[in-house]
Amino acid sequence: MREKALVGFYIAAVILFLWAGLAAAARRAAPTAFPSRRRLLLGVVAAGLAFLPLGGVPLWVRAFSFHPNPCLPLLGLGVVGWGRVVLERSWFGREDWLAVWSFGAVAGTVLYVHPLVATDVDVYFWGWERGVAASVLGAMAVLTIAGGLRAGLLLVAALVSLGLDVLESRNAWDYVIDPFYWLLSLGMLGAAFRRAIRRPRRAAAAGLS
Amino acid sequence: MNPAPAAPGSRRLSLRARSAGVLLALAAVAFVLLRGGSRESSAPAAIQAPSPPAPAAAGWPDAVPHFAHGWVSPPAHTRSAHGSSLCALPSGDLLAIWYGGSREGGTDVSLYTSRLPAAGGGWTPPRLEMDRVMAQQELDRVIKKVGNAVVFPDPRGLLWMVYVSVSVGGWSGSALNVRTSADDGRTWSASERLTLNPFLNLSTLVRNKPIFARDGRIGLPVYHEMAAKFPQILWLTPGANGRLEDYRVRNLPGQAGLIQPALVPLDENRVLMLLRDRSADRLMHLSLSQDAGWTWSAARHTDLPNPDAAVDGLRLRDGRILIVYNHASSGRENLRLAVSSDQGRSWRSGAVIEETPEAEYSYPTLAEDREGRIHLTYTWRRERIRHASFNVAWLDQRSLAQDRAKLP
């Protein structure tokens, strides 16, 4: 029963990402002609693609084989991205994005890099302590939401999913961070940092000329 | 008073939305706690003590030395055979599992079992238990190959199979899967994938048999191979109806470069761990747990060589520890026994089971049957799985003979 629910959840996630990706590509190709019927059609195409056999194996199975535990913040970002390109709704503000990328960069670096640096600390093991993990995540979610950030809702989604055992993993870490979210966060923060450094230089150059 | 105007791009929640969000977050925490927040773990109070001596009236110990050699896998059953694991079933039968195919890591590799009935007779013909296609169907994902497997009965009589499968890359891309059997391995549950690593669940492997905690938990020695190599203990919690209720894995610090841990329970609290050495030292290492396998001392090397090869150990009923290993710093051309009478502090090298230049004898595994007889299976030249059985009288006889040979 749980396995069937997991598979259904995973297929839905793959379709969502494909739909958002196709919609983003279509919008870029023809920004002025993107009626709702065409958006819906892309959803149908995405569903078809998810079951498209590649080498005899459906695309969603290939994705599941490689990445069986997509974290909830990443899935949430997929939903936000889907809302942006398909529904043309912008749910996240600048502070939300900053919070999302900062959390991903810090959590991922702690989790994935620590075994190479401090072998005496087993950070991943903390994730099996569901009570403790839920309390920490809950506190972070409360602080983020009380600060007015919608990004805190991604942590709430992770908590609910942990309670429902939505993922294959039973470790709380896998509900809040995965390697793709981590690398994406590092990339986005790096890009933002580079932009922030370039801006004063440009301003200074403009002042000199 | 009007709130300060939001910065451009800002999209803060309203006060009402914040309140609702906070309540939602608190409700979510309560939900997790109610659903399973009590799964916190701690060290087991004790482990199942090693087997007590059988009554002498039952004919134990065997006073007459006994040694016999045989084969688990038939000739030319598969081109390559490797990685056997052996256990004694509650019925008294012995069950061996190994993988065979055209070559190690080949897509045609399958897991096979064979049974040695307690009632007598030889090993039964190999039975196909798992292959790449079956694993793919049971796990709903692409499986490139299957590999190392262990089988063991828990104290309630439920038989467990834990096996390696790979979806991406080589052996360092391995993940573990569990099946259980309520009828001594005649039928198995569908495989369940365990998530044991945060990085795409890559690189957890298994090789040796577990210890059993008094509270029902099973401590299975496993290891990690990608980027850093180190041993781990996987704690499995059996549930009702033969299902896996919970599991968690603990990294063992201070043991980098050491893999394929083999556990030997010394008493209710102390467990000895033998380790394969992947470093340039090429020495077998040991670690000791004083709290039923939960925490471990930093590993120290022994005087025994280890050519980056698997070892296994067994506590004999008289309290001595028997190990089987390759006595060389490189190559796996011999397979030898050694015994410790002081719980691993010193070792007395004993009988040579195999020795042929240029040949490979590896991946040994030990088990003791109901009568106290010791069984050993191992990879024979990567072609077949071989079986040796012997008793303590034979072990002592061989040790004495070696001592006499050393006399001037």
Item to check | Of the DSSP H helices in chain A, those whose Cα atoms cover at least 24 Å axially and whose Kyte score averages -0.5 or more | outcome: A:2-29, A:94-117, A:179-208
Next on the checklist: Give the aspartates and glutamates whose C-alpha is closer than 16 Å to that of B:Lys209, dropping any in the same chain fewer than 8 places away, or say none.
Outcome noted: B:Asp154, B:Asp312, B:Glu368, B:Asp369
Checklist outcome for this item: Inter-part gap, Cα centre of the range A:101-153 to Cα centre of the range B:179-221, in whole angstrom, is 28 Å
Checklist entry - If each Cα of the range B:315-408 is one equal point scatterer, what is log10 of I(q)/I(0) from the Debye formula at q = 0.12, 0.15, 0.21, 0.25 Å⁻¹? => result -0.39, -0.61, -1.13, -1.38
Item to check | 1.4 Å probe, heavy atoms, protein only - residues of the range B:200-225 losing at least 10 Å² accessible area vs chain alone | outcome: B:Leu200, B:Asn201
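Where in chain B are the DSSP H helices whose alpha-carbon span along the long axis reaches 18 Å or more and whose Kyte-Doolittle mean is at least 0.0?
Details: long enough: B:15-36 (32 Å, 1.54); B:392-406 (21 Å, -0.76).
Helices meeting the span and hydropathy rule in chain B are B:15-36.
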Checklist entry - Cα centroid distance between the range B:115-146 and the range B:13-34, in Å? => result 49 Å
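B:Leu266: net charge of surrounding residues, Cβ under 14 Å, Lys/Arg +1, Asp/Glu -1, itself excluded? Before the final figure, lay out each step's value.
Values: positive: B:Arg270, B:Arg315, B:Arg317, B:Arg320, B:Arg345; negative: B:Asp267, B:Glu268, B:Asp291, B:Asp318, B:Asp342.
So the environment of B:Leu266 carries a net charge of 0.
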Checklist entry - For labels at B:Gln48 and A:Phe125 in the simple 7 Å Cα→Cβ model, what's the distance in nm? => result 2.4 nm
Next on the checklist: Largest first, please: the extent of the C-alpha atoms of the range B:146-190 along each principal axis, to the nearest Å.
Outcome noted: 36, 18, 10
Checklist entry - Based on the Cβ-Cβ distance of B:Arg156 and A:Ala203, what FRET efficiency does E = 1/(1 + (r/R0)^6) give at R0 = 60 Å, to the nearest 0.05? => result 0.25
Checklist entry - With +1 on each Lys and Arg Cβ and -1 on each Asp and Glu Cβ, how big is the dipole of the range B:87-179 about its Cα centre, in debye rounded to the nearest 20? => result 80 debye
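Indicate the gyration tensor shape class of the protein assembly as shown (rounded, prolate or oblate), computed on the Cα atoms with a ≥ b ≥ c the square roots of the eigenvalues: a/c under 1.5 is rounded; otherwise a/b larger than b/c is prolate and the rest oblate.
Numbers: a/c = 2.32, a/b = 2.10, b/c = 1.10.
Here the protein assembly as shown falls in the prolate category.
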Item to check | Length added when fully stretched, A:Ala30-A:Val79, from 0.36 nm per residue minus Cα-Cα | outcome: 15.4 nm
Checklist entry - Using only helices, what value at 222 nm comes out for chain A when you add -39,500 (n - 2.57) per DSSP H run of length 4 or more and divide by the total residues, to the nearest 500 deg cm²/dmol? => result -25000 deg cm²/dmol
Checklist entry - Which one of A:Phe180, A:Leu72, A:Ala191 has its Cα pushed farthest toward the positive end of the charge dipole of the range A:70-192, where Lys and Arg give +1 and Asp and Glu give -1 at the Cβ? => result A:Ala191
Next on the checklist: Can you list residues from other chains, or at least 5 along the same chain, whose modelled amide H is less than 5 Å from the amide H of B:Glu354?
Outcome noted: B:Leu335
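As a check on your grasp of the helix formula, calculate [θ] at 222 nm for chain B: sum -39500 (n - 2.57) over DSSP H runs of n ≥ 4, divide by the residue count, round to the nearest 500.
Values: 3 runs with 45 residues, N = 408.
The helix contribution divided over chain B gives -3500 deg cm²/dmol.
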Item to check | Relative contact order (%) - criterion: Cα under 8 Å, at least six apart; region: chain B | outcome: 15 percent
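If you place +1 on the Cβ of every Lys and Arg and -1 on the Cβ of every Asp and Glu, how big does the dipole about the Cα centre of the range B:61-406 come out, in debye to the nearest 20?
On the way: 41 positive and 37 negative charges, 69 e Å.
The calculation lands at about 340 debye.
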Checklist entry - Once the Cβ-Cβ distance between B:Ser19 and B:Arg79 is put in as r, and R0 is 56 Å, what FRET efficiency do you end up with, to the nearest 0.05? => result 0.25
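Around B:Arg382, what is the net charge, scoring Lys/Arg as +1 and Asp/Glu as -1 over all other residues with Cβ under 11 Å from its Cβ? Before the final figure, lay out each step's value.
Working: positive: B:Arg79, B:Arg103, B:Arg332, B:Arg381, B:Arg384; negative: B:Glu104, B:Glu360, B:Glu383.
For residues surrounding B:Arg382, the net value is +2.
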Checklist outcome for this item: When the charge dipole of the protein assembly as shown is computed with +1 at the Cβ of Lys and Arg and -1 at the Cβ of Asp and Glu, the Cα pointing farthest to the positive end, of A:Gly83, B:Ser102, B:Gly313, is that of A:Gly83
Checklist entry - Magnitude of the Cβ-charge dipole of the range B:275-408, K/R +1 and D/E -1, about the Cα centre, nearest 20 debye? => result 120 debye
Checklist outcome for this item: The answer for B:Asp312, listing residues at least 5 apart or on another chain whose modeled amide H is closer than 5 Å to its amide H, is B:Val324
Checklist outcome for this item: Given a Förster distance of 22 Å, the FRET efficiency implied by the Cβ-Cβ spacing of A:Val44 and A:Asp165, rounded to the nearest 0.05, works out to 0.10
Item to check | Chain-alone versus full-assembly comparison, the range A:129-149, residues with accessible loss of at least 40 Å² (1.4 Å probe) | outcome: A:Glu129, A:Arg130, A:Gly131, A:Val142, A:Ile145, A:Gly148
Checklist entry - Taking both sides together, what accessible area is buried at the B/A interface, probe 1.4 Å, expressed in Å² and rounded to the nearest 100? => result 4600 Å²
Checklist outcome for this item: Per principal axis, largest first, the Cα atoms of the range A:1-66 extend in Å by 44, 26, 16
Item to check | Solvent accessible area, Å² - B:His69, 1.4 Å probe, full protein context | outcome: 70 Å²
Checklist entry - So what are the three principal axis dimensions of chain B from its Cα atoms, in whole Å, longest to shortest? => result 103, 45, 43
Next on the checklist: Tell me whether chain A comes out rounded, prolate or oblate; compute the Cα gyration tensor, take square roots of the eigenvalues as a ≥ b ≥ c, and use a/c under 1.5 as the rounded threshold.
Outcome noted: oblate
Item to check | Amide hydrogen neighbours beyond the local backbone of B:Gly257, cut-off 5 Å, H modeled | outcome: B:Lys229, B:Phe230
Checklist outcome for this item: Of the candidates A:Ala118, B:Asn241, B:Trp296, the farthest towards the positive dipole end of the protein assembly as shown (Lys/Arg Cβ +1, Asp/Glu Cβ -1, centred on the Cα centre) is A:Ala118
Next on the checklist: I want to check the label-to-label distance for B:Arg127 and A:Arg89. Put each point 7 Å from Cα in the C-beta direction and report it in nm to one decimal.
Outcome noted: 5.6 nm
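The values are calculated or read from the model by the stated rules, or taken from the named source; none is laboratory data. Not measured: the values here are computed from a predicted model. So basically every Cβ, Gly included, is an ideal-geometry build from the backbone, and we count neighbours across all protein chains shown. Just the protein is used for accessible areas: all its heavy atoms, side chains included, with ligands, DNA and RNA removed. Shrake-Rupley method; radii C 1.70, N 1.55, O 1.52, S 1.80 Å.
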